[in-house]
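Colleague: Below you'll find the structure I mean.
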Amino acid sequence: QAQLVESGGGLVQAGGSLTLSCAASLRNFSFYDMGWFRQVPGKEREFVAARSWWGGSPLYADSVKGRFTISRDNSVNTVYLRMTSLEREDTAVYYCAATKRGLTTNPIDYEYWGQGTQVTVSS
């Protein structure tokens, strides 16, 4: 059964850093494009970053470019999101997602989702 489990969220001060992990129980994980999204109450789920299965240049939302880095380790079926210079506006539940439909920023195109991990940035 396909499963994605996020971890690493928590409370951090503005300017601090966190690294999120997403462990995937997916057959042929290395062939899935992986993405990170975030959501705050009352708003739509927002694209954060994505990385293709074969490597290549990752995609980032403008709001996180230069601060966040997505990476993956196919040997342990895990994708990471390294977040630095965190801002209060980064407070959200962060979700990882997987798709074989091609690298995309559209959440509709992702087939599998984790339960999310809360990131709270305090000033």
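Since every read-out is calculated from the coordinates, none of them should be taken as a lab result. Computed from a predicted model, the values in this text were never measured in an experiment. Quick reminder, even Gly has a Cβ in these numbers, built from the backbone with ideal geometry, and neighbours come from all protein chains shown.
Colleague: Rounded to the nearest 0.05, what FRET efficiency is calculated for PHE31 and GLN3 with R0 set to 25 Å and r the Cβ-Cβ distance?
Modeller: Details: r = 17 Å, r/R0 = 0.67.
The calculated FRET efficiency here is 0.90.
Colleague: Would you mind giving the average projected area, over all directions, of the Cα convex hull of region 1-56 in nm² with one decimal? All intermediate terms of the calculation are to be shown ahead of the outcome.
Modeller: Values: hull surface 21.9 nm².
Its average projected convex-hull area is 5.5 nm².
Colleague: Moving on to the next point. What distance in nm separates the two pseudo spin-label positions at TRP54 and LEU11, each 7 Å out from Cα along the beta-carbon direction?
Modeller: 4.6
Colleague: Under a point spin-label approximation (7 Å from Cα along Cα-to-Cβ), what is the ASP62-GLN115 distance to one decimal in nm?
Modeller: Between ASP62 and GLN115, the simple spin-label model gives 3.6 nm.
Colleague: Grab the other residues whose beta carbon is less than 12 angstrom from that of SER30, score K and R as +1, D and E as -1, and report the net. Kindly include the intermediate steps, with their values, before the conclusion.
Modeller: Details: positive: ARG27, ARG51, ARG72, LYS100; negative: ASP33, ASP73.
Cβ neighbours under 12 Å give a net charge of +2.
Colleague: Restricting to the chain, what percent of DSSP beta bridges are antiparallel, rounded to 5? Write down the numbers at each step before the final one.
Modeller: Working: 37 of 41 bridges.
Around 90 percent of the beta bridges assigned by DSSP in the chain are antiparallel ones.
Colleague: Taking amide H positions as placed in the peptide plane 1.01 Å from N, state which residues far from GLY16 in sequence (5 or more) or on other chains have amide H under 5 Å from it.
Modeller: Those qualifying (amide H under 5 Å, at least 5 residues apart or on another chain) are LEU86.
Colleague: While we're looking at this one, here's another question. Can you list the residues, at least 5 places off or on another chain, whose amide H is less than 5 Å from the amide H of PHE68, using H built in the peptide plane?
Modeller: THR84
Colleague: Right, next: What does the C-alpha gyration tensor say about the overall shape of the chain? Classify as rounded when a/c is under 1.5, otherwise prolate if a/b is larger than b/c, or oblate. Walk me through the intermediate numbers first.
Modeller: Values: a/c = 1.63, a/b = 1.61, b/c = 1.01.
Since a/c reaches 1.5 and a/b is larger than b/c, the shape of the chain is classed as prolate.
Colleague: Given the Cα-Cα distance of SER123 and THR84 and 0.36 nm per residue of separation, how much length would full extension add, in nm? Before the final figure, lay out the partial values.
Modeller: On the way: separation 39, 0.36 × 39 = 14.04 nm, distance 1.46 nm.
So the extension gain works out to 12.6 nm.
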